[in-house]
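Here's the structure, in structure tokens; my notes come after.
Quick note: the coordinates plus some simple rules give every number you see, no bench work behind them. Remember, predicted model here, so these are calculated numbers, not experimental data. Heads up, the Cβs are rebuilt from the backbone with ideal geometry, glycines too, and the neighbour counts pull from every protein chain shown.
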Amino acid sequence: MINGFDYTKVLKSYDESMENWELNGFIKEEESKYFLRNLVGEEGLIYDFTVNIGDTVEINNPFGFMPLQAMVTNIDSVLIEPANEYRKRITLFEYENFGYEENWIEGIGSLAGITESGWDMTVLTGGDDYTLLCYYEDDELWYKDDFYSLCFYPIVGIQSSYANKNNTSLFPNPVTNISHIIFDYPDHHNLTIRIFNSTGNIVKEYKITTPTNISFNSINYPPGIYFYQVSEENQQIINEKFIVL
């Protein structure tokens, strides 16, 4: 309890076995609104699940860079299989500064990460760095991002076996017209390139037998956040985020 209010501890772990944890902050809930408090006492609203389409909500995440004004552009639902129930999914869009999109699932949080509310909507807060891979309740898996094969994703290790001799880039990014995925994989063939939208659905897939560059037009993609993934024989080489404006 802090200042007469009940809070839940937020713990953080950096190891794959998740045996070592440290205190990272506190969360309180008031009538379906959630507030995050950091260790120096700064606190702000990170979720409001009472919103409706067209509402504007100010996100003031103390782990972020600055307050954000976001508009609710869509509300639908997503099936949480272990509970055999549908949860509200809220899509928000930040128009004023960066124009990026983010999704929240009621009872779980942002798909950028539970304490990373607002991070997908601005590059200044590190939205490229974190993605909610899995969510557990009472040691039971309730949510998993099917874009990834594991719940612990060592970002530094994605390209470990390729880093010295391979390179992939997308240019220009953000995408406003024609962009190119540029490959340099001289020793690898039969590559699969998949493009995912922000909800993890595959929107385009390419299969190439020899390294080549791929061009695509933004007119074929609604504005938003996307990911491209390069793999060879089910071995993921790289995945990166890009923006279509």
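Hey, fewest Cβ within 10 Å first, where do Ser77, Ser117, Ser179 land in order?
Result, fewest neighbours first: Ser77, Ser179, Ser117.
If you take every residue apart from Lys28 with its C-beta less than 13 Å away from the C-beta of Lys28, what net charge results, scoring Lys and Arg +1 and Asp and Glu -1?
-2
What aspartates and glutamates could a cross-link reach from Lys12, if we take a straight Cα to Cα line under 15 Å and drop same-chain neighbours fewer than 8 places away?
Glu22, Glu116
Set the Förster radius R0 to 25 Å, insert the Cβ-Cβ distance between Ser169 and Asp146 as r into 1/(1 + (r/R0)^6), and round the FRET efficiency to 0.05.
0.45
Taking the Cα centre of the range 32-85 as the origin, how large is its charge dipole in debye, to the nearest 20, when only Lys and Arg (+1) and Asp and Glu (-1) carry charge on their Cβ atoms?
So the magnitude is around 160 debye.
Are there any GluC sites (Glu not before Pro) in the range 18-79 that are in a DSSP loop and have at most 11 other Cβ atoms within 10 Å? List them by number.
Passing both the DSSP loop test and the Cβ count: Glu19, Glu31.
With Cβ to Cβ distances under 12 Å as the rule, what net charge do the other residues near Pro62 carry (K, R +1; D, E -1)?
On the way: positive: Arg37; negative: Glu42, Glu43, Glu116.
Taking every other residue near Pro62 into account, the sum is -2.
Amide H to amide H under 5 Å from Leu132: which residues, 5+ apart in sequence or cross-chain, H placed 1.01 Å off N in plane?
HN-HN under 5 Å from Leu132: Ala112, Gly113.
For the residues Asp138, Asp48, Asp120, what sequence is obtained by ranking on other C-beta atoms within 10 Å, fewest first?
Working: Asp138 6, Asp48 19, Asp120 26.
Listed from fewest to most nearby Cβ atoms, that is Asp138, Asp48, Asp120.
Take the Cβ-Cβ distance between Thr56 and Ser32 as r, set R0 to 22 Å, and report the resulting FRET efficiency rounded to the nearest 0.05.
Result of the calculation: an efficiency of 0.80.
Starting with the fewest neighbours, write out Trp104, Trp119 ranked by other beta-carbon atoms found within 10 Å of each beta-carbon. Walk me through the numbers on the way to the answer.
Details: Trp104 25, Trp119 28.
Ranked by crowding around the Cβ, least crowded first: Trp104, Trp119.
How far apart, in nm, are two points set 7 Å out from the Cα along the Cα-to-Cβ line at Glu137 and at Leu245?
Reported label-point gap for Glu137 and Leu245 is 4.0 nm.
For a label point 7 angstrom out from the Cα of His180 toward its Cβ, which stretches of the range 212-226 have the backbone nitrogen within less than 17 Å?
Answer for the range 212-226: 212-218.
Filter the cross-link list Lys9/Lys144; Lys33/Lys241; Lys144/Lys204; Lys28/Lys241; Lys9/Lys241 down to pairs whose alpha-carbon distance in this structure exceeds 25 Å.
Beyond 25 Å between Cα atoms: Lys33/Lys241; Lys28/Lys241; Lys9/Lys241.
Under the rule a/c < 1.5 gives rounded, and otherwise a/b versus b/c splits prolate from oblate, where does the range 8-144 land using the Cα gyration tensor?
Working: a/c = 1.57, a/b = 1.13, b/c = 1.38.
Since a/c reaches 1.5 but b/c is at least a/b, the shape of the range 8-144 is classed as oblate.
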